[in-house]
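The block underneath contains the structure these notes are about, expressed in structure tokens.
The values are calculated or read from the model by the stated rules, or taken from the named source; none is laboratory data. Note that the coordinates shown come from a computational prediction; the quantities given were computed from them, not determined experimentally. Counting neighbours? That spans all protein chains shown, and the Cβs are built from the backbone with ideal geometry, glycine included.
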Amino acid sequence: MRRYYTRVCNFYYGKESRLLVNTNKSIPLNGNINISFDHIEIISRTSKKKIPINKINSLAKSLKKLIKLDLEKIRSKKKNFSNLNFIQIPNIMGVLNLTPDSFSDGGKFNTKNKGLKHALEMFNSGANIIDIGGESTRPGSKAIDNKTEWKRIEKIVKLISKKIPMSLDTRKSEVMKKGIKYGVKIINDVSGLDYDPETINVLKKYKIPFVIQHSQGTPEKMQNKPRYKNELLDIFDFFEKKIKSLKKIGIKHNNIIIDPGIGFGKNLKHNMNLIRNISIFHSLGFPILVGNSKKRFIKEIAGKNDTKSRIGGTMTSSIYLMMQGVQILRIHDVNELLQGVKVFKEIMKY
């Protein structure tokens, strides 16, 4: 395990970012001149230290080497794939739950006509890709069998794949293979590829892009007193180890997305620390996806001001994540979220 971690911070946007990059006072994130930074935070298990980028050369030789390697990954332009454009921040992954029991919209869209209509509405509103799921992974939910899961999504998958880009939210290799057959562009496995041992072989065979999500435990028990030594660094180490193991077994492509898994085996403190410090994951060198939409942390913070829609909490956290350079947001209310993003960008002259 590494001793030090690099978190980029103190971001600039739009006109200000372009000015600072052009005068070499800030560094563009992922080659995007519209968002840049001029500080880093050097983190270990026992310390934190923020320094401006123009002080990096004054660091000890071994530490400076590590930081510069991280900065190469942080500033490198990401290759676009699956209708995702990583110069455009944020990309939106619209959520389509075809389940009777998902935490926010279970049963709302799980008929062919309703599901298709909602998918088209999200895509026409500006979603880059639609994430289809047939198994609820909300806290306390139990696994269902392959046949039941595929039956819930089969008709919609066949219809949607001909019209719009689609990702598949599943932990099961058999469901993945069927979805890939009908044109799924991304596999989104909330288990971090750990639920089904055959998943790795499917990803290797079809060379399909995929999301690695961190989750502690299974949905049924993941919220039973989750614990970490340091959730931010533990989850970073998880991704680093997982990506190295995937490369060793022959997954050579870099069409990989990382998702810290907000609400998956995390309490409020864990979730807030991850969101506040989300920019640490840029130093892994892969696009970041966050599923913050309507999550329980909003209720826990809002208290008596909580609503079923949780649009206010989703909007605020989404704008913050965008300001930290997160490339993909997994969102239920696509039209409302993009309304907020457009207003924010106009204010910032993005």
For residues that are free of Cβ contacts under 8 Å to residues at least 24 places away in the same chain and charged (D, E, K, R), scanning just the stretch 161-181, find the one that is surrounded by the fewest Cβ atoms within 10 Å (Cβ to Cβ).
LYS162
In the stretch 182-216, the residues that are aromatic (Phe, Trp, Tyr) and surrounded by 22 or more Cβ atoms within 10 Å (Cβ to Cβ):
PHE210
Condition set of a type in the set (Val, Ile, Thr) and surrounded by fewer than 16 Cβ atoms within 10 Å (Cβ to Cβ), scope the stretch 320-350, selection nearest to GLY133 (Cα to Cα): answer is VAL343
From the list SER245, SER293, SER317, exactly one residue is touching a His at 6+ places or on another chain (Cβ under 7 Å), in the same structural domain as ASP169 (by TED's automatic domain parsing) and modelled with pLDDT of 95 or more. Which is it?
SER293
Please find, among PRO226, PRO260, the residue that is surrounded by 14 or more Cβ atoms within 10 Å (Cβ to Cβ), touching a Lys or Arg at 6+ places or on another chain (Cβ under 6 Å), touching a residue at least 12 places away in the same chain (Cβ under 8 Å) and not small (Gly, Ala, Ser).
PRO226
Determine whether the stretch 147-160 contains at least one residue that is surrounded by 14 or more Cβ atoms within 10 Å (Cβ to Cβ), outside the structural domain of HIS39 (by TED's automatic domain parsing), more than 29 Å from VAL341 (Cα to Cα) and without any contact (Cβ under 8 Å) to a residue 12 or more places away in the chain.
no
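Table: residues versus (1) under 24 Å from LEU98 (Cβ atoms); (2) of a type in the set (S, T, N, Q).
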position: ILE251; (1), (2): no, no
position: PHE264; (1), (2): yes, no
position: SER279; (1), (2): no, yes
position: ILE288; (1), (2): no, no
position: ARG296; (1), (2): yes, no
position: SER317; (1), (2): no, yes
Identify the residue in the stretch 255-300 that is among the β-branched types (Val, Ile, Thr) and not in a helix (DSSP H, G or I) and, among all such residues, is farthest from THR314 (Cα to Cα).
ILE256
